[in-house]
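Below is one structure, written out as structure tokens, with a few remarks after it.
The values are calculated or read from the model by the stated rules, or taken from the named source; none is laboratory data. Just so you know, these numbers come straight off a predicted model, no measurement behind them. Here Cβ is always computed from backbone atoms with ideal geometry, including for glycine, and neighbour counts include all displayed protein chains.
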Amino acid sequence: MITATDELMIDLTDDRELHAAITRDLTAEQVDEIGRRLDAIRADIESDLGEDDAAYIRRLIRIHRYLEISGRATLMASILPPAWFAGTGLLATAKILENMELGHNIMHGQWDWMRDPAIHSSTWEWDNAISAVDWKQSHNDMHHMWTNVIGKDKDVGYGRLRVTSDQEWRKDHLFQVGTNVLIALFFEYGISMYDATLEEIKKTDAPGHPRIRALRSLWGKVKPQVIKDYVAFPLLSGISAPTTLTANFTANVIRNVWTHTIIFCGHFPDDVEYFTEEEIEGESKGEWYLRQLMGSANIEGSPLFHTMSGNLSHQIEHHLFPDLPSNRYAEIAPQVREICLEFGLPYTTGPLGKQSFEVWRSLAALSLPDDVRERLRIAS
């Protein structure tokens, strides 16, 4: 079976030039062996997919529906504070589960092997302001191909943030901690505008400014979301309409902050590495695997935490095998870690608090010009 990852690699030249920043002084034979070992892990999982996996995703869909229906029903009485808090919690949990473990992973094609049109990557549309089409093109086709390559992976800082000193400093980076707070609170809208703009920029012959075209495109997805959460369901609540509206807004903010936290902790903590276009020139598949290993970070937690993170707490495994079902990442992780130990490769992982602290600390430090940071370092 040719996977999405394999298709992305078809046009890459498999020459034998080693890139020291990526291969960590490994020989060409060692790099090839790592590639073969990781390919074998993929093959083992693919050959073992079956009813247990199908039951898992169908169970998660049922749980999500129960949480959303229960939350919406409870908010009918949201004029009462206990109902407001309970309904908001249920709805926020449903939205997190739908975005992370369902939407994100389904649109990666992780469940396409089931041939079920209800959960196929070509048909799924999620409860989010981001268009599924725009997201799949910018995320699946760009980010996962060019992970952490400066200038190619536009998700490095999302065009607004300086997350590595390899990025050129701009004056607006002085305010990036505050900017990131706003991004976290309204993550779905920021990413939707970002993805839509990336797609409009590609249309070089289209009339008008790309951002204006992106706004028009974006409104087609945002409008029904706004009507659903801020008009229809509040009105259905009758006397509880105002409190239901605030509950829906709060649930969306909780979902946005959680999603932002998981994504940033998987991509921007201290030990994650970045690469230049020159370093990956002539990259082999084995070297592509190594870049995924060094350009991602895991987050430690319980099985429930992994589910609520969409298993993106296994970000390393996700970047190695983005189209394998997410429920298998916990099984794969020890094997990947063993390969890293054997070949002296980093396997970046840590608890959520540590990873989040490193992200915000780096954003604060990198908001300053390099010469100012150096003077502060010397003075301290």
Every pair of residues 6+ apart whose Cβ atoms lie under 7 Å, when the first sits in segment 39-65 and is surrounded by 11 or more Cβ atoms within 10 Å (Cβ to Cβ) while the second is modelled with pLDDT of 95 or more and of a type in the set (D, E, K, R): 45/328; 60/101; 64/98
Tally time: how many residues in segment 324-353 are in a helix (DSSP H, G or I), free of Cβ contacts under 8 Å to residues at least 60 places away in the same chain and not hydroxyl-bearing (Ser, Thr, Tyr)? 9
Could you grab me the full set of residues in segment 112-143 that are assigned to a loop (DSSP other than H, G, I, E, B) and either basic (Lys, Arg) or under 16 Å from residue 307 (Cα atoms) (or both)? 115
For segment 351-369, what are the residues that are under 21 Å from residue 158 (Cβ atoms) and either out of contact with any helix residue (DSSP H, G or I) (no Cβ under 9 Å at 6 or more places or on another chain) or hydroxyl-bearing (Ser, Thr, Tyr) (or both)? 356, 357, 361, 362, 367
For residue 89, work out the one condition from (1) at pLDDT below 90; (2) part of a helix (DSSP H, G or I); (3) small (Gly, Ala, Ser) it doesn't fulfil. (1)
Looking only at helices (runs of 4 or more DSSP H) that lie completely in segment 244-322, which have at least 1 residues being among the aromatic types (Phe, Trp, Tyr)? 285-294, 303-308
Taking only pairs six or more apart or across chains, which ones have beta-carbon atoms under 7 Å, a first residue in segment 365-380 that is free of Cβ contacts under 8 Å to residues at least 60 places away in the same chain, and a second residue that is not charged (D, E, K, R)? 373/365
May I ask you to list pairs of residues, at least six apart or on different chains, whose Cβ atoms are under 6 Å apart, with the first in segment 115-126 being polar (S, T, N, Q) and the second being surrounded by 12 or more Cβ atoms within 10 Å (Cβ to Cβ) and in a loop (DSSP other than H, G, I, E, B)? 121/107; 121/109
Going through segment 348-380 in order, the residues found to be surrounded by 13 or more Cβ atoms within 10 Å (Cβ to Cβ) and acidic (Asp, Glu) are 358
State yes or no: is residue 241 among the hydrophobic types (A, V, I, L, M, F, W, C) and more than 23 Å from the chain's Cα centre (by Cα)? yes
Would you pick out the residues in segment 343-380 that are modelled with pLDDT of 95 or more and of a type in the set (Asp, Glu)? 358
Only one of (1) outside any helix (DSSP H, G or I); (2) under 15 Å from residue 126 (Cα atoms); (3) not basic (Lys, Arg) does not apply to residue 79, and that is (2)
Between a first residue in segment 206-228 that is free of Cβ contacts under 8 Å to residues at least 24 places away in the same chain and a second residue that is acidic (Asp, Glu) and not in a loop (DSSP other than H, G, I, E, B), which pairs have beta carbons less than 6 Å apart while being 6 or more apart in sequence or on different chains? 210/200; 213/200; 214/200
Quick one: residue 271 ticks every box in (1) crowded, with 21+ Cβ neighbours inside 10 Å; (2) within 24 Å of residue 160 (Cβ to Cβ) except a single one, so which number is it? (1)
Can you name every residue in segment 117-173 that is crowded, with 19+ Cβ neighbours inside 10 Å, of a type in the set (D, E, K, R) and either farther than 21 Å from residue 312 by Cα or in contact with a strand residue (DSSP E or B) (Cβ under 6 Å, 6 or more places away or on another chain) (or both)? 162
Looking at (1) under 28 Å from residue 319 (Cβ atoms); (2) touching a helix residue (DSSP H, G or I) at 6+ places or on another chain (Cβ under 7 Å), can you tell me which one residue 182 breaks? (2)
